[in-house]
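The values are calculated or read from the model by the stated rules, or taken from the named source; none is laboratory data. All values derive from a computational prediction rather than experimental measurement. Every residue, glycine as well, gets a Cβ built from its backbone with ideal geometry; the counts of neighbours run over all protein chains shown.
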Amino acid sequence: MIFADFELAKRLERAEGFACVQFAAARKNAFPECNSDWMRCAGADVVFDGVDAPTTQTFGLGLFEELTPGAMDEIERFFSERGAAVMHEVSPLAGVATFDLLAVRGYRPIEISNVLFRTVENPESTERDDIRVRVIAADEAELWAAVSARGWTHEHPELKEFVEQMGVLMVAREQSPCFLAELDGVAGAAGGLSLYEGVALFAGAATVPEMRRRGLQGALLEARMRYALEHGCDLAMMVAEAGSESQRNAERQGFRVAYTRMKWKVIK
């Protein structure tokens, strides 16, 4: 049995930090003139991937090393020199001292999410003749991004261009296979994985509106779980808004909450 303890938190936060770094690395590779950058400070992954990018933040703060005012100075300077707000995604297992230092320096929580996990196991096959799930080829990045964007931005079309670009970068990341689910030969759902030291981070799953509730998400999850097992992973993770439908869907698939995490930002 895996317990929701300090060692688990370190594995999960390091895996998501790796995935975040890979976004910045993929953008830098695609657009060498951009100023995406990353470093590790006080054990935390510190990432800048654009002023307004959701990947511009830290992961693992206070988990791997004691957090000191000097380390906070260095991290804050990294972001301020690039014109970005300073934000930290912090596990509660980072401890009271970490939160106390954040509060003293003017940070306040702005977002709450649940980090979920389960063991990686060979799923029972529920294959259907009309559904096919496959890992996409490198030249299908735009197709995958378009399907993902349609699924995510149905109610927010103004975000379509941004989500499509993030989708292309997701395909370009290292150790991040992307999956496409087809219903009767038509692409209808997209999902991704990020693999890091035995942890498979499940992310980016979305279905286009007209194909929802047709079994595509279940097939995507099954295919990704099998892929994770075949590639040596023993632990699966997801992140969802606390109390959301995404969390409920994850729990239906055997995931359970490891901890509730907060994102912190300086509020002036």
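Details
- Listed by position, the strands (runs of 3 or more DSSP E) inside the stretch 151-268 whose residues that are touching a Ser or Thr at 6+ places or on another chain (Cβ under 8 Å) and either closer than 16 Å to F117 by Cα or β-branched (V, I, T) (or both) number at least 2 are 186-196, 199-207, 235-241, 256-266.
- When M39, M72 are screened for being over 21 Å from R261 (Cα atoms) and not hydroxyl-bearing (S, T, Y), only M39 passes.
- Residues satisfying the stated conditions in the stretch 252-268, i.e. more than 15 Å from F99 (Cβ to Cβ), surrounded by 13 or more Cβ atoms within 10 Å (Cβ to Cβ) and either among the small types (G, A, S) or more than 17 Å from the chain's Cα centre (by Cα) (or both): Q253, G254, A258
- Residue check for A15: among the small types (G, A, S), farther than 20 Å from W264 by Cβ and in a helix (DSSP H, G or I): yes
- In the stretch 244-268, the residues that are in contact (Cβ under 8 Å) with a residue 60 or more places away in the chain and among the small types (G, A, S): A250, G254, A258
- Of everything listed in (1) in contact with a helix residue (DSSP H, G or I) (Cβ under 9 Å, 6 or more places away or on another chain); (2) crowded, with 23+ Cβ neighbours inside 10 Å, the single unmet condition for G17 is (1).
- Test result for M72, exposed (fewer than 15 other Cβ atoms within 10 Å of the Cβ), of a type in the set (A, V, I, L, M) and modelled with pLDDT of 95 or more: no
- Out of L195, L201, L180, sole residue that is more than 13 Å from the chain's Cα centre (by Cα) and in contact (Cβ under 8 Å) with a residue 12 or more places away in the chain: L180
- Residue count for the stretch 122-138, restricted to those that are assigned to a loop (DSSP other than H, G, I, E, B), surrounded by 10 or more Cβ atoms within 10 Å (Cβ to Cβ) and within 26 Å of the chain's Cα centre (by Cα): 4
- Number of the condition not met by S148 [criteria: (1) surrounded by fewer than 23 Cβ atoms within 10 Å (Cβ to Cβ); (2) at negative phi]: (1)
- Checked against the criteria, G232 counts as closer than 25 Å to D45 by Cα and either at pLDDT 90 or above or more than 16 Å from the chain's Cα centre (by Cα) (or both).
- All conditions in (1) modelled with pLDDT of 90 or more; (2) under 17 Å from the mean Cα position of the chain (by Cα) hold for Q165, with the sole exception of (1).
- Being among the acidic types (D, E), under 17 Å from P54 (Cα atoms), in contact with a helix residue (DSSP H, G or I) (Cβ under 9 Å, 6 or more places away or on another chain) and touching a residue at least 40 places away in the same chain (Cβ under 8 Å) is a property that holds for E89.
- Residues of the stretch 47-77 that turn out to be in contact with a strand residue (DSSP E or B) (Cβ under 6 Å, 6 or more places away or on another chain) and either farther than 20 Å from A103 by Cβ or in a helix (DSSP H, G or I) (or both), as a count: 7
- Residue check for V208: touching a helix residue (DSSP H, G or I) at 6+ places or on another chain (Cβ under 6 Å), modelled with pLDDT under 95 and in the same structural domain as G151 (by TED's automatic domain parsing): yes
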